[in-house]
Amino acid sequence: MNERYEPVIGIECHVELKTATKMFCGCCNEFGGEPNTKICPVCLGLPGALPVPNRRAIEHIVTVGVAFGSTIAEFSKFDRKNYFYPDMPKDYQISQYDMPVAAGGSVKYWTEDGELRECRLTRVHLEEDTGKSTHAGSTDGRIAGSEYSLIDFNRAGVPLMECVSEPDLRSAQEAVAYLEALRRTLLALGVSDVKMEEGSLRCDANVSVRPVGSSSYGTKTEIKNMNSFRSVERAIASEVARQIAIVESGGRIEQETRGWDEINGVTHSMRSKEEAHDYRYFPDPDLVPLEISPAEVRRVTQTLPELPAQRFERYTARYSIAPRQTAQLIDNPALAGYFERVLALGARPAQAINFVLGDLSRLANETGVAVAESAVTPEYLSGVIALVEDRRITSKVAKDVLARCWHGEGAPAAIVEREGLARQSDTGALVPLVDQMLAAHPAVVADYRAGKQNVLGFLVGQVMKASRGTADPVVVKELLNERLSSG
Amino acid sequence: MSDPIIDIRYVAKLAQIALTDEEIERFGAQLGDLLQHVAALERLDTERVAATAQVVESRNILRDDVARPSLDRETVLAQAPQRQGKFFRVPRIIGE
Amino acid sequence: MPASNELLERSAAEIAAAVNERRVSAAEVTRATLERVVATEPNVGAYLTVLAEAALAEAASVDRRVAQGERLPLAGVPLAVKDNMCLTGSRTTCGSKILEQWIAPYTSTAVARMLAAGAIPIGKTNCDEFAMGSSCENSALGITRNPYDLLRVPGGSSGGSAAAVAAFEAAIGLGSDTGGSIREPGAFCGVVGFKPTYGRVSRYGLIAFASSLDQIGPLTRTVEDAALTYDAMAGFDPMDATSVQEPVEPAAPALRDDLHGLRVGIVREFDPGALGGAMDALYRAAYAGLERLGAELVEVSLPTAEYGVATYYLIAPAECSSNLARFDGVRYGLRVAGRDVRGMYDATRAAGFGEEVKRRILIGTHALSSGYYDAYYVRAQKARTLIADDFRGAFASCDLIACPAASCPAFRFGAKSDPYSMYLMDYYTIPMSLAGLPAISVPCGWVQPPDGNEPLPIGLQLCGPLFAERLLLGAAHAYERATNHRATHAPLAQRLTA
C-alpha cells in the first residue's frame, strides 16, 4: 500500500434479526423454504393490510444498542422510505429516518496482534427486508441482460437491523476485524445468526483515501456485492489501490456506487440511475411511536452477557492469553465456557489454554466430539493439570492420560495409578534405563563425542519413550550428560 | 411555498405514472391552482407548533413474537398478473 | 315474505329484534332484501357486487345461531359494505380499474365484527375511486344515483352505502370517512352518517386512502342503528397498531331523549348565512331545535378551521401517494405490459388509476419530495395541530359542536367539474377529520332546489371531543326523536320501485 495515503473506511451492515416471526406480521422468519409460502396480507402488501411491530425485534435492537454503548432513543418512530422495486411489496420500506432506536456508541474490535481498537457507530435502526428476485435469461443469473425476474416474498418483512459505522477504519484488515467483532457480539447477544452466506449479514463499505496527515475526507465510493469477509477485504484493498492510483495520476474520484467483481478482483461502476434518489421519507401513519424507558434500558443492561470485547480484554490482560488463542475461544462459546469451568477449578490459565486448544481440540477434531461434550470433564482436565503442576506426572504423560480419559478409561489419577505412569525422577531407577539406551545406540554416542551435541535430544527422547513418558526429562538429561562426559 | 410551481414530469416519474403531454399540461395547471390555494397556510404562524402525525397519542403498540398462519400460495399466486411456477414473474428489471 | 318485505323499511334494531324473536328468519329477510336490490338497482346503482350466495349462507348461519338460543345484536340485518373493505372471497375494487378483478383473500376486522354480530353482507357498494371524492362520480366502475333525485349524486365517497340505506337496499351501510366521506353522503341521502373517533374502529382490511385520517363508520336510517353498529365494531384490534386501546362503553344504552345539561357550541366561523337563505333558515331552525330540547347554545370559535381544506389536501394526498404505490402490477390487480418493469409500472398505473387518484398521487408525491417536504407536508402537520388545538379550546366551553354537514344539498352529475370546487364540499367535515374527532350527520330538513323537482335532504353535523361517542350519539338520538325529518319525504327510488 502507498504510504503517503491513508484509507478512510466506514461500514454499513444489514443484519437479519433472529425472531420467530417477521417484523410486522406473524409469518415465520426462517431462511429459505418453499418459495412464497411464508406470506400473508401484511408482508405481501395486500390492499388494506397493516403492520404491527414485533416486540422481540425491538428488544433485540435495544439490546444491540445497549451492548455497543449507544444512546437509546426515549422516543423513536418508523418512517416510510418510498421507492418502487418489484421485490418490495408495498413499494415503500418501513424504516427509521431521523429517529433511530440507537445512536452513537462503538464496536470494539481487535487486530491480529491483539490491540483493542474501536470504531464509532453512527446509528442502529430497524427496518424490514425485501423479497428475493431471481434474474432469468442472462448468462450468469445477474440482473444485467436478464429477460425477466422471478420473485419469492418469503424474506419480505424479515426484521432487519441497519448498523452504520463512522469512517473510523483505516485498512481493509481493520474493516474485517470490525466485522468479525460485530458478528461475534451479535452472536453472543443471540440476536442474529449473522451468516453472510445466507444473507443474514450483508455489508457495504464506504471507501475514500486522503494524504496521510490530512484531516478532511476524500470523495468516497460505496462498494456493494461483497459476499464474504474475504471479499470485503479484497474489495476494499482493491478499491483503495484504485483510488490512490487515480489521485496519484492527478485524477478525480467520482462519488458513486461500485460493485465488487469477485472473479476479476476489481470493483466496477454501477452507475445506473442518474438522478439522485428522492425517497420521500415521512412518518409511517400506520404505526405509532416507540417509547423506550430508561428503566427498560437499565433492565437490558443488567441482563447483558459478557461481550466478546470484554472477554477479550479479560483473557488477554488478566490471563495473559495470546490474542489469537483468545479469538479462538471467543469464537467457540461452548469451548470458552469449558475453559472457564476449568479455571474455576483452580487451573492456571496458561496451562488450561494449552490443553484446551491443543490436545483436547485435536482429540475433538479426530473423534468428532466437542470438547465440552467429551468424557474429559472440566474436573478431569483440572485433575491432569494438577498432577503436572504437582510434578506427579510429566507433561508427556499428561497427553497420554488425557487421551485415555477421552476414550473413557476413567479418572486421571486412576489411570496414572493403574498404568504406572507416575513421574520417575529417582536417579537409581533411571540409571539402568539410560545405560541401556547408550548401549543400544553406539553410533549416536560416537557422534556426540565427536562434537555433535545436538544428538542429546534424540537420546533423551529414546529414554522417555522407553519409560512411556514417565521419566523426568530433566533428570534424564542430567544423567545422560554425566554418563557421556565421563565415559 | 411562495413559488407554487410543480414539476409534473419529475413527480410523475417518482410516482411511476405515465402521463401524456396533454395530461402533463392539465394536471400541471390544476395542481398549480391547488398549490396556490394551499399557500394560504403560509399565513399561519407555525414557528413554535409541533407537527401532528397522529391524533391519537398511543405508544408502543406491539405484537408478541408468535407465529400466525400464512396464506395459501395458490390463493395468492392465482391473483398474480403473471406467475411462473411458484414465483411471481415480472418483466426485466433495468438498473440497480 | 310480505312481512319481511315491509320489515326492510324498518330500522336495523327492529329487524334484529324480529329475527332474534324468530318472528322472521334471517334467510327471509335476506331473500327479501335481494329481491329489493334487483328491483331498485336499475334506478340507484348502489352496489358494485351483490353477494347473493354469501348473504344466504351467512343468513343460514345466523338462523342456526339464533335457533341455538344466541341473541345477536344485528341478527339478520342486511349490510351494505363499501367496496374498499375486504371480505374473503369477495371482489374488492375500491371503485378502481386497477382492482376491478381482485378477490380479497381475507376479511377486514370491521366487517368480521359485523358478521359476528349477525349482520348479513348483501353486497359491496360503489364509491369514489379509492375513496377520493365527494360524489361517487370518481368511481371507475359504475354510477350511483341519489335515491331522492336520480339526476343527482349520492355524495361520496361512501355514496353507494348511503344510497343503499336510503333506498332500503340495506339497513346498515359501512362507509369510510377520511375528510367527510360518511357524513356528506349521509347528508345528501337523508340518512345518518357517523364517523367515530380516529382509531375507534380497526382499519385492518380497509384499503387505505390516508392512514392517519381514515375511519370506518355506519350509514343508517336511525341514530340507534348507528349506535348498534358502532357497538359491534368499535374496540382495539391487535392487527391495527393505530386502533386505540381506550375502553369502549356501549353507546346504544346511552341514547337519550333530551339535551338537558348539554352546552352545544355554535361555531362563529361557520355562519350558515353564507349558504343562502334556505339553508340558513334550516340550520338556524336546527340550532333552535337543539335549544328546545334543553341544550344551552354557546358561541365557540375555530379560527384555524378555514385552513382545513388546504391542510387536508396536503396530508391526505401525501399519505395516499405512498399508500397507493403498492398497486404496481406485480402481485395482484391490473397489469399493462411495458418494455421493462418500470415501463410496466408506468403503463399499469396510467391505465389503472382515474384522474382524481392521479391528481392526488401527484400532489402528494410533490408535497413529500425533496425540497418541498418542510414547506408542504410539515407545515400542514403543524396546521393540523393548530386545528386540533382550536377544537380543544372550543370544548373547554361546550360539550358538543353543531354545524352544517355540507354547504349544499346533493348536486347534479357533472356540476362540480373543477377539482377545487369539489374539494370545498368537505369544508365543514374536514376540520373534525384532521382533529380525529367523532362526528355525525343527522337529517335536519329539506330544501327545494331551484334546479329540481324533488325536495332534497340536508344534514346537521354534531361533533364531540375524542372518544365522546356515547355523548354524541345520545344527543343525535334526542334530536332525531324530536324532529324525525326522515319521515317527511319518501325517496323517489322507493316510489319508483313500488
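No lab work stands behind these numbers, since they all come straight from the coordinates. All of these numbers come straight from a predicted model, not from anything done at the bench. All Cβ positions, even for glycine, are placed from backbone atoms using ideal geometry, and neighbour counts span all protein chains on display.
With the cut-off at 1.5 for a/c, could you classify chain A from its C-alpha gyration tensor as rounded, prolate or oblate? Prolate, because a/c is 1.5 or more and a/b exceeds b/c. Take each residue of peptide C:212-224, count the partner chain Cβ atoms within 10 Å of its Cβ, and average: the result is 1. Using a ≥ b ≥ c from the Cα gyration tensor of the range C:99-230 (square roots of the eigenvalues), is it rounded, prolate or oblate, where a/c under 1.5 gives rounded and otherwise the larger of a/b and b/c decides, a/b for prolate? Verdict is rounded for the range C:99-230.
For the set A:LYS81/C:LYS124; A:LYS81/A:LYS224; C:LYS124/C:LYS416; A:LYS18/A:LYS220, the pairs lying more than 30 angstrom apart at their alpha carbons are A:LYS81/C:LYS124; A:LYS18/A:LYS220. In the calculated pair-distance distribution of the protein assembly as shown, the portion above 41 angstrom amounts to 53 percent of the Cα-Cα pairs.
For a straight C-alpha distance cut-off of 21 angstrom, the lysines reachable from A:LYS465 (same-chain residues fewer than eight places away being disregarded) are A:LYS396, A:LYS399, A:LYS477.
Peptide C:372-378 is shielded by partner chain Cβ atoms: per residue, an average of 5 of them sit within 10 Å of its Cβ.
Annotation for the range A:197-261 versus the range C:352-392: alpha-carbon center distance of 40 Å. For B:VAL66, neighbours were defined as the other residues whose beta-carbon sits under 11 Å from its Cβ, and their charges (Lys and Arg +1, Asp and Glu -1) total +2.
Our estimate of slack between C:ARG392 and C:GLU249, defined as 0.36 nm per intervening residue step minus the Cα-Cα distance, is 49.3 nm.
Take the Cα of B:GLN79, step 7 Å toward its Cβ, do the same at C:SER417, and the gap between the two points is 3.8 nm. Look at the Cα gyration tensor of chain C: its axes a ≥ b ≥ c give a/c under 1.5, and that counts as rounded. Comparing mean-square fluctuations of B:GLN79, B:GLN16, B:GLN30 from a GNM of chain B with C-alpha springs under 10 Å, the top value falls on B:GLN79.
Measuring nothing but how far apart in sequence close Cα pairs (under 8 Å, 6+ apart) lie, relative to its length, chain B scores a relative contact order of 20 percent. Each part reduced to its alpha carbon centroid, the range C:285-351 and the range A:473-487 end up 100 Å apart.
Using the Cβ of C:GLN245 as centre and a radius below 13 Å, the other residues enclosed give a net charge of -2, where K and R count +1 and D and E count -1. Between A:SER361 and A:SER485, the contour length at 0.36 nm per residue exceeds the alpha carbon distance by 40.4 nm. Reported to the nearest whole Å, the Cα centre-to-centre distance from the range C:434-467 to the range A:394-458 is 106.
With a Förster radius of 35 Å applied to the beta-carbon distance between A:SER216 and A:LEU116, the computed FRET efficiency rounds to 0.80. Here's the picture: charge each Lys and Arg Cβ at +1 and each Asp and Glu Cβ at -1 in the range A:161-264, and of A:VAL247, A:THR221, A:VAL176 the one pushed furthest to the positive end of that dipole is A:VAL247. Our summary gives the range C:264-348 a relative contact order of 23 percent, counting only alpha carbon pairs under 8 angstrom and 6 or more residues apart. Structure remark: mean-square fluctuation, Gaussian network model of chain B, C-alpha springs under 10 Å; the largest value among B:LEU19, B:LEU71, B:LEU62 belongs to B:LEU71. Remark: spin-label model distance A:ALA414-C:SER301 equals 9.6 nm, labels positioned 7 Å along the Cα→Cβ axis. For the peptides C:70-81, C:474-485, C:280-291, the ranking by packing is C:70-81, C:474-485, C:280-291, with the highest mean count of neighbouring Cβ atoms within 10 Å listed first. Applying 1/(1 + (r/R0)^6) with r as the Cβ-Cβ distance of C:ALA52 and C:ARG284 and R0 = 35 angstrom yields a FRET efficiency of 0.15. When peptides C:123-134, A:287-298, C:384-395, A:324-335 are ranked by their average number of other Cβ atoms within 10 Å per residue, the highest-first order is C:123-134, C:384-395, A:324-335, A:287-298. Shielding value for C:234-246 is 5, the average number of Cβ atoms from other chains within 10 Å of each residue's Cβ. Kindly flag which residue pairs out of A:LYS132/B:LYS86; A:LYS22/A:LYS108; B:LYS13/C:LYS382; A:LYS90/C:LYS82 have an alpha-carbon separation exceeding 19 Å in this structure. Correct reply: A:LYS22/A:LYS108; B:LYS13/C:LYS382; A:LYS90/C:LYS82.
Extension gain, C:ARG481-C:ALA337: 0.36 nm per intervening residue step, less the Cα-Cα distance, totals 46.1 nm.
Working from Cα pairs under 8 Å separated by at least six residues, relative contact order for chain C is 17 percent.
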